[in-house]
1. If you check residue 81 against the conditions, is it farther than 16 Å from residue 153 by Cα and among the β-branched types (Val, Ile, Thr)?
2. If I ask for residues that are surrounded by fewer than 18 Cβ atoms within 10 Å (Cβ to Cβ), in a strand (DSSP E or B) and either without any contact (Cβ under 8 Å) to a residue 24 or more places away in the chain or out of contact with any strand residue (DSSP E or B) (no Cβ under 8 Å at 6 or more places or on another chain) (or both), which ones from the stretch 96-126 would you list?
3. Which condition from (1) part of a strand (DSSP E or B); (2) modelled with pLDDT of 90 or more is the one that residue 93 breaks?
4. Name the residues in the stretch 161-175 that are at pLDDT below 95 and within 21 Å of residue 68 (Cα to Cα), would you?
5. Being part of a helix (DSSP H, G or I) and exposed (fewer than 15 other Cβ atoms within 10 Å of the Cβ) narrows it down to one of 170, 151, so name that one.
6. Do we have residue 138 as modelled with pLDDT of 90 or more, over 27 Å from residue 60 (Cα atoms) and either crowded, with 19+ Cβ neighbours inside 10 Å or in contact with a helix residue (DSSP H, G or I) (Cβ under 6 Å, 6 or more places away or on another chain) (or both) here?
7. If residue 180 meets every condition in (1) in a helix (DSSP H, G or I); (2) closer than 22 Å to residue 116 by Cα apart from one, which number is that one?
8. How many residues are of a type outside the set (Lys, Arg), within 23 Å of residue 112 (Cβ to Cβ) and part of a helix (DSSP H, G or I) when one looks only at the stretch 64-90?
Amino acid sequence: MSTLKVRLARPMAALATAGALLLGGFTAAAPAEALGPKAPGPGAVSVPNPLPVKGKAAKTGYSRDKFGPSWKDTDRNGCDTRNDILKRDLTRDRFKAGTRSCVIASGTLKDPYTGRTISHVRGGNKVDIDHVVALGQAWVAGAQKLSAAQRAAFANDPLNLLAVEASANRAKGDREASAWLP
């Protein structure tokens with residue numbers, strides 16, 4: 001399996017899982033012929049009613065602040081989530097002195113979106129951490145119904161985060177996968 005496929009497998013699984021969780025499962029109605037016969041025979045279990053198809057909620061009320069402070073230390077390892085993701089996704093990483101190997105000073109990123117190799121230097125604005133399922137999309141898909149703690153956990157979930165080229169992340173913005181592909 002290629003390195004790009006391996007790097008995208010976990011975030012893509014997170015995308016599917018997050019979508020299913022936020023939407024309460026898949027809600028498309030089954031075609032009539034898939035529901036089986038109208039009158040079940042003796043001993044047959046009746047077919048449940050199809051689930052209704054629901055649209056997106058409005059983006060009304062959304063703000064990044066609703067997902068808690070940026071980059072918490074959710075795993076309590078002493079490092080914030082942003083640096084955990086940089087540590088996971090960068091190679092040849094170097095740490096800022098006196099940070100217990102937490103704060104990434106520099107490293108190399110093989111960008112999963114563009115395929116480019118990027119030299120990251122802290123404060124250099126070349127590498128961002130992308131929410132694969134953007135927080136704005138999570139909001140319209142149901143995150144407004146989650147508790148503040150659940151939204152903060154979602155915003156810091158490493159399965160939904162990737163270190164990526166900053167310009168690619170900014171081009172994506174908070175659009176969903178059907179509206180933006182690298």
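1. No; evaluated as a whole, the condition is false for this residue.
2. If the condition is that a residue be surrounded by fewer than 18 Cβ atoms within 10 Å (Cβ to Cβ), in a strand (DSSP E or B) and either without any contact (Cβ under 8 Å) to a residue 24 or more places away in the chain or out of contact with any strand residue (DSSP E or B) (no Cβ under 8 Å at 6 or more places or on another chain) (or both), then 105, 106, 108, 117, 119, 121 are the ones that fit.
3. Tallying (1) part of a strand (DSSP E or B); (2) modelled with pLDDT of 90 or more, residue 93 fails exactly one: (2).
4. 169, 170, 173, 174, 175
5. 170
6. No: the conditions fail for residue 138.
7. Unmet for residue 180, out of (1) in a helix (DSSP H, G or I); (2) closer than 22 Å to residue 116 by Cα: (1).
8. Here the count works out to 7.
The values are calculated or read from the model by the stated rules, or taken from the named source; none is laboratory data. Model, not experiment: these values are computed from the prediction. Cβ coordinates were reconstructed from backbone atoms using ideal geometry, including for glycine residues, and neighbour counts include every protein chain displayed.
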